[in-house]
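Encoded as structure tokens, the structure appears first; notes follow it.
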Amino acid sequence: MTATAVSTWIDVCSLDRITPERGVCALVGGVQVAIFRTFDGELYALSNHDPFSNAYVLSRGILGSRGGVPTVASPMYKQVFDLTTGRCLDDPDTSVPIFSIRLNGDRVEVMT
Amino acid sequence: MVGYGPAAHRLVEALRERDGAATGPHWKITVIGEETRPAYDRVALTTHLEGADLAYPSPGADVDVHCAERVVEIDRAAREAVTASGRRFGYDALVLATGSSPFVPPIEGKDLPGVFVYRTIDDLDAMRDYAADKASGAVIGGGLLGLEAARALQGLGLDSGVVEVAPWLMPRQLDEGGGAMLRRHIENLGMDVHAGTPITRLEAGPDGAVSKVVLQDGKEVPAELVVFSAGIRPRDELARSSGLTVGERGGITVDSACRTDDPAIYAIGECALIGGMVYGLVGPCFSMAEVVADRLVNPDSTAAFEGADLSTKLKLMGVDVASFGDPFADALGVTYTDPVAGVYKRLLVSDDAKTLLGGVLVGDAEAYSTLRAYVGASLPGEPEQMLFGGTEAAGGDLPEGTVICSCNNVTAGDIRCDIRDHELRDVAAVKSCTRAGTSCGSCVPLVKKLLDAELAAAGIEVSRALCEHFAYSRAELFDIIRVRQISTFSRLIAEHGTGRGCDICKPTVASILASLGNGHILDGEQAALQDTNDHFLANMQKNGTYSVVPRIPGGEITPDKLIVIGEVARDFGLYTKITGGQRIDLFGARVEQLPKIWKRLVDAGFESGHAYGKSLRTVKSCVGSTWCRYGVQDSVGMAIKLELRYRGLRAPHKLKSAVSGCARECAEAQSKDFGIIATEKGWNLYLSGNGGMRPRHADLFASDLTDEQLLTYIDRFLMFYIRTADRLQRTSVWMESLEGGLDYLREVIIDDRLGICAELDAAMARHVESYGDEWRETLEDPERMARFVSFVNAPETPDPSISFEVERDQIKPVLVAGPHLEVISQ
């Protein structure tokens, strides 16, 4: 499957469904999107697919920072991904897709 | 004595030395040998060609020696040995030392002119004469003797080669690496080595004599002279025809006194089958001679052959080769290879890297004697230091060749090397560079230990920092949190750390907060600190589903409860497996199923088994005195008591326990963090055992304890561990890292040397009092329940990526390869 830029924002959930410093997973047009809310209120959206384990679990990882970069660690084998770029910080050759995300009022919306 | 080789010679010597020391000679010795000369030093056979005199000193005039005389019959009734020439020699005791004959495999051409064996001086003389006008020779057999023979051929001016059917040289003494290194040495000496290919035939030249060896792969090895050195066969024909028992594969069967089934007849040396073995090395043959000598001079002797050390060290063509202990032990290996110097060294050590089991040295055998001495014993230093003859211990106790990360096949040596070459300074960097610990992660504590030792050795100050966010060790953080009464991660990192934390410090702090009794682990900010297992109160499996483990204290369960587990598993289609901790694991639950599953279990009276937490898992038990004929205490009752006392206790790592009802130890308590074994008078407490990756037997901490003493000591042990251990440090490693070890622990726990026992006791009392079942409390709270959906925007939709297939009537996960989405850059 190839990600295609969809021109519309898709409503996912209200902000209060996402615990600060944790993630949730949304099913958007058949794509599993991991959505994270950091302590400072920022939102990030990555593919939920963990390329190292092939399981759809990134949304259940622990958030944090490495050298100032906001990160999520895969709950499976603990590789750390940059939330802003999707790049794996433990294996620079590996990345996961990222998606656009915004807050519209108290609603979280993503574009896949 | 029948046969006159080295073993017989040794027996004669020993007999003459001991016999009649007090009372005058007792035995009249007659030796009958078929060779034309008295015994000589067969081990040094090759030096005969260089003119060495191999003859042993003469045994003395009172020994009646008959050479070139062969015994063909033993008249056991008359007690007489009959020779080929018809002479009869009477005996009170007969010793067979008939030796062995070279084994010549049934290969086409084996009887051609120019084919020799390599055993006697006569063989060598004939070979030398034949070689005079020849240009090439080959030895069939790349063992110890075969290589000697090849050297002999080279010494006779022949281009010589070695043909070994096994994949490498000296396969009985060396492992593959050692064999390969030896081969390089031998090839450097200008010899051809052909290993790993069977022989088809020996082919004759125009003159009818052998001219080449043809291998099964079609290769031809030019050889106008061929020497067979393919092993030995015991000479047992005389024993056989005399009705003595011989082994199925040859050898005269003897007991540990070297006696055959005729009490008047002994057998020693290469012809004897003793303890199921035929020995071809001179050492064991001499030992047998000594045993018989002892038995003959002293009827009350209990001398016995106890098996032999097959260690060997020799210089083969100028190359040191040694093999000691069991060089093929299925054990941890420490390997050092220097291809330039042609050195190969390998030590085999027990799984805890403490006991030397065997090894191989090629190219440099200087350490041989020291190493051989330590076979079966505790190493005085690190294995890698032992390889170089040193014994002084330093940091980093893991052998170089030990595979640290078996997922990615990374050895301690690899890790050390990368730490040095790439100037790695923290565990994350080591993981990224070496890939060690990046898969299952179970080796990360070992990786850290290696890193610490390596940095300390390089004089670099070892940071005790937990991660980049905290400059403190776990124990220091524990004290900070405890003393300053910090109850949130935000406050801790704001006041004592930097950044926002990570998957290392967050769960660590969560564990500390839980250990200090800060309410439900999913409440408030703590929820964001937990790793996925604690977050969903279940164990994540490889396909993103979870497993469910209800607590079954002590492994005791009613039929009704068993049925409930079965019904739940059936209704939710879960895979079930009995765990090693005497409970039942249910696999394949999706996130949204977890509350439904647990509702059923909780309603039936189950509670969380904390299989997901770094906390007490199970207290395993044997059935104990209630049922068992041998049990001396109620081990099940005690196991249940302990499991209920410590359930839910968060610790630096998981905790396991077991209670055995008697010394037979059926519950395997000595492999547990705290293990209890019943005695007639009470309980013995064993601490800091481990199974798993680095097994360790628990240490006996205290004996014959009352129930009350037992609980007090375990309370303190656990709380002291929780307070002072490193992150993910099991009690076994923690114990080893405690300066003063077990004695120190006794001082702290029994003598209250640090004056903290009251505090530790109070902490445990708080834990016991505040325990609540995490699953029951979760089910009762809608806010905690909200997280149990696969999709926030489609709560009822199961994760479509999860699928199963059926194996042995149960589900197993199918891993669907994920779609390869293009990465969109912002």
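What ranking, highest mean first, results for peptides B:656-666, A:97-107 when packing means the other Cβ atoms within 10 Å averaged over each residue?
Result, highest mean first: B:656-666, A:97-107.
What is the spin-label model distance, in nm, from B:THR245 to B:SER350 if the labels are put 7 Å beyond Cα along the C-beta direction?
Reported label-point gap for B:THR245 and B:SER350 is 3.4 nm.
Can you order the peptides B:196-208, B:35-47, B:230-242 by their average number of other Cβ atoms within 10 Å per residue, highest first?
Those peptides, ordered most packed to least, come out B:230-242, B:35-47, B:196-208.
Just tell me how shielded B:800-809 is by partners: mean number of partner chain Cβ atoms within 10 Å of each residue's Cβ, no decimals.
Whole-number average of other-chain Cβ neighbours for B:800-809 is 1.
Specify whether the C-alpha gyration tensor of the protein assembly as shown places it in the rounded, prolate or oblate class, a ≥ b ≥ c being the square roots of the eigenvalues: rounded for a/c under 1.5, otherwise prolate if a/b is larger than b/c and oblate if not.
It comes out prolate by the Cα gyration axes.
Calculate for chain B the 222 nm mean residue ellipticity that helices alone would give, adding -39,500 (n - 2.57) per DSSP H run of length 4 or more and normalising by residue count, nearest 500 deg cm²/dmol.
Computed ellipticity for chain B at 222 nm equals -8500 deg cm²/dmol.
Plugging the Kirkwood radius over Cα pairs into Stokes-Einstein for region B:533-672, at a temperature of 25 °C and a viscosity of 0.890 mPa s, what D comes out in µm²/s?
My calculation gives 158 µm²/s for D.
Work the Kirkwood hydrodynamic radius out for region B:729-778: mean of 1/r over every pair of different alpha-carbon atoms, inverted, in Å.
13.1 Å
Quick one: give the max-minus-min coordinate of the C-alpha atoms of region B:138-256 along each principal axis, largest first, in Å.
So the three principal-axis extents are 48, 40, 29 Å.
Counting DSSP beta bridges in the protein assembly as shown, what percent are antiparallel, to the nearest 5?
Of the beta bridges lying entirely in the protein assembly as shown, close to 75 percent run antiparallel.
Computed FRET efficiency, Cβ-Cβ of B:ASP125 and B:VAL72, R0 22 Å: what is it to the nearest 0.05?
Efficiency, from the Cβ-Cβ distance: 0.30.
Show me the chymotrypsin sites (Phe, Trp or Tyr not before Pro) within region B:84-163 that DSSP assigns to loop and that have at most 15 other Cβ atoms within 10 Å of their Cβ.
B:PHE103
At a temperature of 20 °C and a viscosity of 1.002 mPa s, determine how fast region B:312-387 diffuses translationally according to Stokes-Einstein, using the Kirkwood radius over alpha-carbon pairs as Rh; express D in µm²/s, rounded to the nearest whole number.
The diffusion coefficient I find is 177 µm²/s.
Roughly how big is the protein assembly as shown's charge dipole about its Cα centre, with Cβ charges of +1 (Lys, Arg) and -1 (Asp, Glu), in debye to the nearest 20?
For this selection, approximately 1940 debye.
Roughly what would the spin-label model give for B:GLN810 and B:VAL483, points 7 Å off Cα along C-beta, in nm?
Distance between the two pseudo-spin positions: 5.0 nm.
Quick one: which of B:493-502, B:605-614, B:588-597 comes out on top by average Cβ neighbours within 10 Å, and what's the full order, highest first?
Ranking the peptides B:493-502, B:605-614, B:588-597 by packing returns B:605-614, B:588-597, B:493-502.
So what's the convex hull volume per residue for the Cα atoms of region A:16-103, in Å³?
So the per-residue hull volume is 88 Å³.
How shielded is A:67-76 by partner chains, expressed as the average number of their Cβ atoms within 10 Å of its Cβ atoms?
The per-residue average across the peptide is 4.
If the cut-off is 30 Å between C-alpha atoms, which lysines fall inside it for B:LYS641, apart from same-chain ones fewer than 8 positions away?
B:LYS561, B:LYS577, B:LYS596, B:LYS599, B:LYS614, B:LYS620, B:LYS654, B:LYS656, B:LYS672, B:LYS681
Taking just the alpha-carbon atoms of region B:679-769, what radius of gyration and Dmax come out, in angstrom?
13.2, 38
Could you pull out every one of the aspartates and glutamates with an alpha carbon less than 13 Å from that of B:LYS506, ignoring same-chain neighbours closer than 8 positions?
Once the sequence-local aspartates and glutamates are set aside, what remains near B:LYS506 is A:GLU21, B:GLU468, B:GLU525, B:ASP531, B:ASP534.
Would you mind telling me the antiparallel percentage of the DSSP bridges in chain B, rounded to 5?
Here the antiparallel bridges make up roughly 65 percent for chain B.
Which one, B:GLN709, B:HIS653, B:MET638, is farthest towards the positive end of the dipole of region B:617-771 when Lys and Arg carry +1 and Asp and Glu -1 on their Cβ?
Toward the positive end, the furthest listed residue is B:HIS653.
Per residue of A:50-56, what is the mean number of Cβ atoms on other protein chains within 10 angstrom of that residue's Cβ?
For peptide A:50-56, the averaged partner shielding equals 6.
Using θ = phi - 60° and the Karplus form 6.51 cos²θ - 1.76 cosθ + 1.60, what ³J(HN,Hα) does each residue of region B:270-278 get, whole Hz, x for Gly and Pro?
Values, residue by residue: 5, 8, 8, 9, 10, x, x, 10, 10 Hz.
Once fully extended, how much extra length lies between B:ARG664 and B:ALA377, figured as 0.36 nm per residue of separation less the alpha-carbon to alpha-carbon distance?
The span from B:ARG664 to B:ALA377 would gain 100.7 nm if fully extended.
So for the pair B:ASP64, B:ALA458, with labels modelled 7 Å out along Cα→Cβ, what separation do we get in nm?
7.9 nm
Mind listing the Cα extents of chain B along all three principal axes, in Å, largest one first?
Dimensions of chain B along the principal axes of its Cα atoms: 104, 70, 57 Å.
Can you give me the angle between helix B:176-188 and the longest principal axis of chain B, using Cα atoms only, in degrees from 0 to 90, rounded to the nearest 10?
That helix lies at roughly 50 degrees to the long axis.
Throughout, read-outs are computed from the coordinates displayed, never taken from laboratory work. Since the structure is predicted, the reported quantities are computational estimates derived from the model, not experimental observations. Virtual Cβ from ideal backbone geometry, glycine too; neighbours counted across all protein chains shown.
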